[in-house]
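Visitor: Could you have a look at this structure, given as structure tokens, before my questions?
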Amino acid sequence: MKRAGFSTKWLPILLLLPQLLIIAIFFYWPALHAVTSSFYLQDPFGFGQTFVGLENYTHLTSSVEYLKVAKFTVLFTVLVTFFSLALALLFAVKADKVLRGAKTYRTLLMWVYAVAPPVAGFIGLLMFNQTWGPLSDLFKFFGWDFTLGVNYFDTAFAMIVVSVWKQVPVNFIFFLSGLQSIPRSVREAALLDNRSGTRRFWDITFPLLAPTGFFLLITNITYSLFDTFGVIDTLNKGEPGNNPMTLVYKVFVDGFRGNDLGGSSAQSVILMILVLALTVFQFRLIERRIHYT
Amino acid sequence: MTDISAHAHAIAQTRKRTWFKLETVFDHAILILGSLLMLLPLLIMLQTVTTPDLETMKLGPTFTIGTELDDNFRKAMFEASGFSGQNTGMNMLKNSMILGLGFALGKIVIGMMAAYAIVYFRLRFATLAFWLIFTTLLLPLEVRILPSYEIVQQLGMMNTYQGLIIPLIASATATFFFRQFFRSVPEELIEAARIDGAGPIKFFIDILVPLSQTMIAAMFIIMFVYGWNQYLWPTMITTDENMYTLVRGIKQIVQTLEGNNIPEFGRANMLALIAILPPVLVVIFFQSWFVKGLTESDK
């Protein structure tokens, strides 16, 4: 709050009202509802509900299918996060270094930010088209018969490639702006001290980029968990049954298609706890960064 | 003796220069490769929308530019798809625009109002309001999707623009962003304004809003792209084909590739292109604002 703030009584309440109303109806109520209904078993025909305590949760932890989905989600998240960050860092370092065409490269490498995940999935369908898709052609050359939507492994591979393709631009933007904020004097000093570009990168640039990197790590994990929904939904070709899916996708499939509200809510709550943990971790990192600068 | 050392020096010089050049070539090679990886799908889509579907089906993407562009554009924009027979590309484009613009506008107006109240007023429950609002940053819509859907259903907002837009606004990203910005505005401004006798509304409209122009623009771009690209929420809320956005309709667009004897590549790719172009163009044209907004809002 500003020291010299206004002391009008009714105006701030009026200003806050729309925001508070919206979050009360569309945030707190649903979040609370998800938590409570995770303790109930819904009648599939809509005749009331019975309190079952933690049964929905124990069901999940003993469900082979849920554990399989959870395992895939972890693997998917690790791979997507790693490759999106690594590729983006490579491109950002190079784009920061070149003198000519830097602006053009920047534009070409960032425009995909604006492509919606399901549309990226659609693009994946083209690239992995079984008869002439450029990527499946490439794999065929190496003797890999790529069948998207049929083979579990191939579909998972395509999901990861498309999700990385979609995420590289955001990371690129952040890394590049992080690189550009490294002071000139530091760069020049490093240049005098050390001739080797690789050494210079690992000793000077990389540690200075670490705060950006940590921040992006959390963002990328959240992206892999939640925002890839559209990619997965288009690439499984409408047959989620035998294709890989992530935890968020399963919440949707079980709750919306399978009508298992209790189980789906329990899954939501597990995800809520996961996100909360991630966000708290992120806030603590940011706090620490503020102390440094 | 001197001759030899001079010679050696010259060799070292040229070696250094060529080595340096090689590295530059390598840097450019990586960047060009990266750019191509990003661009290739777009080029394929651009080629197939000019080509007859039969040719695409047999040969796949080629290097020739066909003559079917007009026809594919007409089919995509004005010919109905889906069951109702009313769902044209034009209609989906309209819905996408309403969602993108409505979401961006709503989020900014509501966020600015709330941020103004929190930063510039002496309010007893300001801390409480702050925490109530900022807790919403913690949980994405995806984890509370089913109960949110039920509420919208109970309120009778299925298949309406309100039902589509308002629940998406229920997170405080814009409020947080404007709060940060307002706090960085010098204290002297409000002191001067108060000495001059300006009331809170006058101060907001005449001083704070003009001061925030760049921030508003940056936020608008990010929020427009975010709203336009929404998928899961529209998938649940709009069951009426009349209400489909381009991104929501992508599943239906995929079906024109799967169901038919000759997959309608031209039409499907044209629709996908139309779904991509507006947000991409906005991001490219307002690049510096967009980058500023993105990198500063998330800090």
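Visitor: Among B:Pro263, B:Pro186, B:Pro234, whose mean-square fluctuation peaks in a Gaussian network model of chain B (Cα, cutoff 10 Å)?
Guide: Evaluated over chain B, the most mobile residue of the options is B:Pro186.
Visitor: Would you please classify the overall shape of chain B from the alpha carbon gyration tensor, given that a ≥ b ≥ c denote the square roots of the eigenvalues, rounded means a/c under 1.5, and beyond that prolate means a/b larger than b/c while oblate covers the rest?
Guide: Numbers: a/c = 2.68, a/b = 1.10, b/c = 2.44.
Here chain B falls in the oblate category.
Visitor: Tell me, what is the FRET efficiency for B:Ser184 and B:Asp71 to the nearest 0.05, using R0 = 51 angstrom and their Cβ-Cβ distance as r? Please report the intermediate quantities before stating the final value.
Guide: Details: r = 54 Å, r/R0 = 1.05.
Computed FRET efficiency for B:Ser184 and B:Asp71: 0.40.
Visitor: Moving on to the next point. Mind running the shape call on the protein assembly as shown? Use the C-alpha gyration tensor, a ≥ b ≥ c as the square roots of the eigenvalues: rounded below 1.5 for a/c, prolate if a/b tops b/c, oblate otherwise. Before the final figure, lay out the partial values.
Guide: Numbers: a/c = 1.58, a/b = 1.08, b/c = 1.46.
Oblate, since a/c reaches 1.5 and b/c is not below a/b.
Visitor: For the range B:17-122, which GluC sites (Glu not before Pro) pass both filters: DSSP loop (anything but H, G, I, E, B) and at most 14 other C-beta atoms within 10 Å?
Guide: Numbers: sites: B:Glu23, B:Glu55, B:Glu68, B:Glu79; in loops: B:Glu68, B:Glu79.
Of the GluC sites (Glu not before Pro), the ones in loops of the range B:17-122 whose Cβ has at most 14 other Cβ atoms within 10 Å are B:Glu79.
Visitor: When only DSSP loop residues count, what trypsin sites (Lys or Arg not before Pro) in the range A:150-226 have their Cβ near at most 15 other Cβ atoms within 10 Å? Don't skip to the end; give the middle numbers.
Guide: Working: sites: A:Lys166, A:Arg184, A:Arg187, A:Arg195, A:Arg199, A:Arg200; in loops: A:Arg195.
Hits after loop and neighbour filter: A:Arg195.
Visitor: Karplus couplings for the range A:184-201 from phi (6.51 cos²θ - 1.76 cosθ + 1.60, θ = phi - 60°), rounded to Hz, Gly and Pro as x?
Guide: Per residue, the Karplus-derived 3J(HN,Hα) values read 4, 4, 5, 4, 5, 4, 5, 5, 5, 6, 9, 7, 6, x, 5, 4, 4, 4 Hz.
Visitor: Given the options A:Ser181, A:Ser84, A:Ser37, which has the most mean-square fluctuation in a GNM of chain A, springs set between C-alpha atoms less than 10 angstrom apart?
Guide: Its mean-square fluctuation being the largest, the pick is A:Ser181.
Visitor: Any idea what the relative contact order of chain B is, in percent, if you count C-alpha pairs under 8 Å spaced at least 6 apart?
Guide: Details: 272 pairs, mean separation 84.9, N = 299.
Worked out over chain B, it gives 28 percent.
Visitor: For a quick check: with amide H placed at 1.01 Å from N, whose amide H comes under 5 Å from B:Gly66's, ignoring anything fewer than 5 positions away on the same chain?
Guide: Close amide H contacts, sequence-distant or interchain: B:Thr50, B:Thr51.
Visitor: Between B:Glu191 and B:Ala217, what is the FRET efficiency for a Förster distance of 30 Å, r being their Cβ-Cβ separation, to the nearest 0.05? Could the numbers behind the result be given before it?
Guide: Values: r = 27 Å, r/R0 = 0.91.
Rounded to the nearest 0.05, the efficiency is 0.65.
Visitor: Right, something else. Where in the range A:76-141 are there trypsin sites (Lys or Arg not before Pro) that are in a DSSP coil and have at most 16 other Cβ atoms within 10 angstrom of their Cβ? Walk me through the numbers before you get to the answer.
Guide: Details: sites: A:Lys94, A:Lys97, A:Arg100, A:Lys103, A:Arg106, A:Lys140; in loops: A:Arg100.
Listed in order of number, the matching sites are A:Arg100.
Visitor: Under a plain spin-label model, where a point goes 7 Å from the Cα along Cα-to-Cβ, how far apart in nm are B:Ile207 and A:Arg187?
Guide: 3.9 nm
Visitor: Rounded, prolate or oblate: pick one for the range A:100-241, where a ≥ b ≥ c are the square roots of the eigenvalues of its C-alpha gyration tensor, a/c under 1.5 means rounded, and failing that, prolate if a/b is larger than b/c, else oblate. Write down the numbers at each step before the final one.
Guide: On the way: a/c = 2.61, a/b = 2.12, b/c = 1.23.
Verdict is prolate for the range A:100-241.
Visitor: What is the sum of charges around A:Phe226, taking Lys and Arg as +1, Asp and Glu as -1, for the other residues whose C-beta is under 12 Å from the C-beta of A:Phe226?
Guide: Values: positive: B:Arg144; negative: A:Asp227, B:Glu142.
Net charge in that neighbourhood comes out at -1.
Visitor: Ok, one more. Ignoring the sites themselves, what is the longest stretch of chain B with no chymotrypsin sites (Phe, Trp or Tyr not before Pro) in a DSSP loop and at most 14 other beta-carbon atoms within 10 Å?
Guide: B:126-299
Visitor: I've got another one for you. Mind listing the long-range amide H neighbours of B:Asn87? Cut-off is under 5 Å, sequence gap 5 or more, other chains count too, H placed in the peptide plane at 1.01 Å from N.
Guide: HN-HN under 5 Å from B:Asn87: B:Ser81.
Visitor: Toward the positive end of the charge dipole of the range A:70-247, about the Cα centre and with charges on Cβ (Lys, Arg +1; Asp, Glu -1), which of A:Gly197, A:Trp144, A:Val74 goes farthest?
Guide: Result: A:Gly197.
Visitor: Same structure again: Given Cβ point charges of +1 (Lys, Arg) and -1 (Asp, Glu) and nothing else, what value in debye, to the nearest 20, does the dipole of the protein assembly as shown about its Cα centre take?
Guide: Numbers: 44 positive and 38 negative charges, 410 e Å.
Computed about the Cα centre, the dipole is about 1980 debye.
Visitor: Given points 7 Å out from each Cα along the Cα-Cβ axis, report the B:Gln86 to B:Leu39 separation in nanometres with one decimal.
Guide: Taking the simple label geometry, B:Gln86 and B:Leu39 are separated by 4.3 nm.
Visitor: Also, quick follow-up: In a Gaussian network model over chain B where Cα atoms closer than 10 Å are linked, find which of B:Gln230, B:Gln47, B:Gln213 has the largest mean-square fluctuation.
Guide: Highest fluctuation of the listed residues: B:Gln213.
Visitor: Helix by helix through chain B, keep the DSSP H runs that span 20 Å or more along the axis on Cα and average at least 0.0 on Kyte-Doolittle, and give those back in order.
Guide: Values: long enough: B:2-48 (67 Å, 0.66); B:89-120 (45 Å, 1.28); B:213-228 (22 Å, 1.61); B:265-285 (29 Å, 2.03).
Membrane-span-like by this rule: B:2-48, B:89-120, B:213-228, B:265-285.
Visitor: Ok, one more. How far, in nm, would the chain grow between B:Leu54 and B:Thr127 when pulled straight, counting 0.36 nm per residue and subtracting the alpha carbon separation?
Guide: Working: separation 73, 0.36 × 73 = 26.28 nm, distance 6.39 nm.
Stretched fully, the B:Leu54-B:Thr127 segment lengthens by 19.9 nm.
Readers should treat all values here as calculations from the given coordinates under stated rules, not as data from a laboratory. None of these values were measured; they are calculated from a predicted model. A quick note on method: Cβ atoms are made from the backbone with ideal geometry, for glycine too, and the neighbour counts reach across all protein chains shown.
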